[in-house]
């Protein structure tokens, strides 16, 4: 099976590519080759800019693909370009959407694929919904062979689960207080990218996945208090938490607000039964206690990776002073 990843070196795709190659897939990347992640051995690199259609046509000239996966489509015009380019030329087109597209806050848990898509807080999610609607319409009208995948909070060794990144860990290690949204008891799901890959790769070329949507997440449920504590323990310290209402945080930082109110502030539990029907052996084996240690080890391996954002630290200081 010949598969094209548009992108391929991001957080999630970097977990899927090695497994795809291991499973015997003839894998190609189409990107500008500007990532800090290396292309895995066994992957063929095609140089092109997906935002420039002619560049893409030049890059893929002479190639046909059984599956095309677009990891970096965010708006309907991105999707329309792909529909125009790959219509009648691919057996399956996979769009990476987002679980943040689901009703926010959810009216019922666990969330299933039939949960309505509606996020009034975050433009990113609304754009993903619009992309999905365009693909569903293309499938209904012309049987464009689409599959929609909705990851939730998927991470690798480089991604801390906090919006302020390493600044939070630095504060923990210095004994400073750190801000946690709400009371810290809302439930959240963190999925290691290698676990995500175990469900994702078997969907490639799977005829039962065409015309349908699936989310892929871990079944491990953690409170945000637990998430902060696990990262702190991995960093050899403790988390002195200050709990502040998400709405208050959004007022103090409009950049923090949309992703918080439109995603992390709400308890999210996912029913993965649908994808498990197609991939019966899907099992997540990387609990976040392991993932947190992996993340801290990666940052500690090179102090240059430990980037502290002064504006984030100043905001945390201000919030702690006001509400701590």
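The values are calculated or read from the model by the stated rules, or taken from the named source; none is laboratory data. Fair warning: this is a prediction, and the values are worked out from it, not measured in the lab. Note that we place each Cβ from the backbone using ideal geometry, even for glycine, and neighbour counts take in every protein chain shown.
Conditions tested, residue by residue: (1) crowded, with 17+ Cβ neighbours inside 10 Å; (2) within 19 Å of the chain's Cα centre (by Cα); (3) closer than 30 Å to residue 289 by Cβ; (4) not assigned by TED's automatic domain parsing to the domain that holds residue 73.
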{"residue": "94", "(1), (2), (3), (4)": "yes, yes, no, no"}
{"residue": "98", "(1), (2), (3), (4)": "yes, yes, yes, no"}
{"residue": "114", "(1), (2), (3), (4)": "no, no, no, no"}
{"residue": "132", "(1), (2), (3), (4)": "yes, yes, no, no"}
{"residue": "170", "(1), (2), (3), (4)": "yes, no, yes, yes"}
{"residue": "179", "(1), (2), (3), (4)": "yes, no, yes, yes"}
If residue 5 meets every condition in (1) in contact with a strand residue (DSSP E or B) (Cβ under 6 Å, 6 or more places away or on another chain); (2) assigned to a loop (DSSP other than H, G, I, E, B) apart from one, which number is that one?
(2)
Can you find even one residue in region 10-21 that is over 20 Å from the mean Cα position of the chain (by Cα), under 19 Å from residue 204 (Cα atoms) and modelled with pLDDT of 95 or more?
yes
Return the residues of region 311-321 that are surrounded by fewer than 16 Cβ atoms within 10 Å (Cβ to Cβ) and either within 25 Å of the chain's Cα centre (by Cα) or under 15 Å from residue 255 (Cα atoms) (or both); say none if nothing qualifies.
311, 314
Among the residues of region 10-24, which ones are out of contact with any helix residue (DSSP H, G or I) (no Cβ under 7 Å at 6 or more places or on another chain) and either farther than 21 Å from residue 63 by Cα or crowded, with 21+ Cβ neighbours inside 10 Å (or both)?
10, 13, 17, 18, 22
Could you say whether any residue in region 32-55 is modelled with pLDDT of 95 or more, closer than 19 Å to residue 275 by Cβ and outside any helix (DSSP H, G or I)?
no
Please verify whether residue 109 is in contact with a strand residue (DSSP E or B) (Cβ under 8 Å, 6 or more places away or on another chain) and modelled with pLDDT of 95 or more, treating the condition exactly as stated.
no
Within 23 Å of the chain's Cα centre (by Cα), surrounded by 15 or more Cβ atoms within 10 Å (Cβ to Cβ) and modelled with pLDDT under 95: which single residue out of 258, 287 fits that description?
258
Of the conditions (1) closer than 30 Å to residue 119 by Cβ; (2) loosely packed, with under 14 Cβ neighbours inside 10 Å, residue 88 satisfies every one except a single condition; which number is it?
(1)
